[in-house]
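A short worksheet on the structure shown next.
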Amino acid sequence: MNRVFGSWRKKRNSPESVHPDGENIPKHVAIIMDGNGRWARKLGMPRIVGHRSGMKAVKRVTIAADELGISVLTLYAFSTENWKRPKEEVDFLMSLPTEFLAMELEELIEKNVQVRMMGHTEELPEHTIAAMEEAIERTKHNTGLILNFALNYGSQREITESVKEIAREVMEGKIKPEEITQQMIGSRLLSGGLPDPDLLIRTGGELRLSNFMLWQTAYSELWFTDLYWPEFGREQLFAAVAEYQNRTRRYGGLS
C-alpha cells in the first residue's frame with residue numbers, strides 16, 4: 001500500500017538525512033505506533049514477529065528523541081480497543097512491556113530516562129503492571145527524557161472519567177460549575193502534569209487519531225508516514241521534527 005499525496009506523502013516515505021535545528025525542538029512528541037502486523041504479513045511472518053520488531057523501533061526512537069533533546073516521548077502501546085484482538089495476540093502484547101524493560105531498563109537508567117505510564121490499569125495482567133511499576137519506581141528521580149507509555153489507554157474513557165470526577169466534586173460542594181475550566185479538566189486527565197504534545201506522529205499509512213490524546217492534541221502538529229512502525233527510526237524522527245520546525249503554529253490567531 002502506497003497512497004500518493006504528491007510531495008506531502010513522498011517526503012514522509014523518503015525522508016532525507018537531516019538534523020533538525022536545535023533551537024525549536026518540540027517539548028513533547030507523541031507517536032501512534034501502527035503497522036507491526038501488516039509489516040510482518042508483508043514479509044510472510046506471524047503478526048507477533050512484527051510486534052517484537054516494533055520493540056526494537058521503540059529503543060531506536062527513544063535514543064533519537066533523547067539525542068534531540070525532546071522532553072517527553074509518549075508512545076501509544078495498547079489501546080482500550082485492542083482487547084478486541086485475538087487472545088493469543090493480546091497475551092503477547094501484554095508480555096512485551098515485561099520483555100522490553102527486562103532488556104532495556106538498566107540502559108534507560110544510565111541515560112537518565114524517566115519511565116511513566118498512562119492508562120487504565122484495572123484490566124492489565126499483574127505481570128505487566130509489576131514490570132511497569134518497577135521501571136517507574138527505579139527511574140522516578142531521573143531528570144532526562146520522560147518515556148511515557150500509553151498502555152490500555154483510550155482518550156474518550158479518559159475524558160469521561162475526568163468529567164465524572166469533577167461532577168462528584170460539584171455534587172459534594174467542593175467546586176462550583178462556573179469554576180470548571182479547560183485547565184481543570186486537563187489537569188484531571190491521565191497526562192496531567194505533562195505538556196500537551198507539540199508533534200503527533202502516526203506510522204502505518206492511516207490518517208486518523210484512533211482515540212489517542214484527543215483533548216491534548218487539539219493544537220498538535222500532525223505528521224503521517226506510510227512506513228510501518230518496525231521501519232521507523234532515527235532518520236524518520238529527525239525528518240518529522242525538521243518539518244515541525246518549518247511550520248507556523250498560530251493557535252487560531254495570526255502569525
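Quick notes on this one:
- Near Thr62, once Lys and Arg are set to +1 and Asp and Glu to -1 for all other residues with Cβ below 12 Å from its Cβ, the sum equals +1.
- In nm, spacing of pseudo-spin labels at Glu133 and His120 (7 Å Cα→C-beta vector): 2.0
- Packing-based exposure ordering (other Cβ within 10 Å, fewest first) of Ile32, Ile159: Ile159, Ile32
- Residue exposure proxy: Met118, Met184, ordered by other Cβ atoms within 10 angstrom of their Cβ from fewest to most, comes out as Met184, Met118.
- Ranked for footprinting exposure by Cβ neighbours inside 10 Å, fewest first, His19, His28 give His19, His28.
- Whole-Å distance, taken between Cα centres, linking the stretch 78-118 and the stretch 146-192: 25
- Dipole magnitude of the chain, debye to nearest 20 (Cβ charges: Lys/Arg +1, Asp/Glu -1, about Cα centre): 1000
- Overall Cα dimensions of the stretch 113-218, principal axis frame, Å, largest first: 39, 35, 29
- Of Ala40, Leu93, Thr217, farthest towards positive along the dipole that unit charges on Lys, Arg, Asp, Glu beta carbons give the chain: Ala40
- Taking every C-alpha pair closer than 8 Å and separated by at least 6 residues, the mean separation divided by the residue count of the stretch 100-255 gives a relative contact order of 19 percent.
- Sites Tyr251 and Thr143 - FRET efficiency at Förster radius 35 Å, r taken between beta-carbons, to 0.05: 0.75
- Per residue, the convex hull volume that the Cα atoms of the stretch 84-137 enclose (Å³): 83
- When peptides 195-203, 89-97 are sorted by average Cβ neighbour count within 10 Å, with the highest value leading, the order is 195-203, 89-97.
- Positive-pole candidate from Ala77, Gly144, Gly54, dipole of the stretch 44-185, charges at beta carbon: Gly54
- Unsatisfied cross-links (Cα-Cα over 31 Å) in the set Lys140/Lys164; Lys84/Lys164; Lys27/Lys84; Lys140/Lys176; Lys59/Lys84: Lys27/Lys84; Lys140/Lys176
- Considering all different alpha carbon pairs of the stretch 136-180, the Kirkwood hydrodynamic radius works out to 13.5 Å.
- For the chain, the alpha carbon convex hull comes to 149 Å³ per residue, rounded to a whole number.
- Charge dipole (the stretch 120-244, unit charges on Cβ, about Cα centre) - positive-most of Gly173, Leu237, Leu207: Gly173
Every read-out reported here was derived from the displayed coordinates using simple, explicitly stated rules and does not represent laboratory data. Being a predicted model, the structure only gives us computed values, none of them experimental. Backbone-built Cβ (ideal geometry, glycine too); neighbour counts: all protein chains shown.
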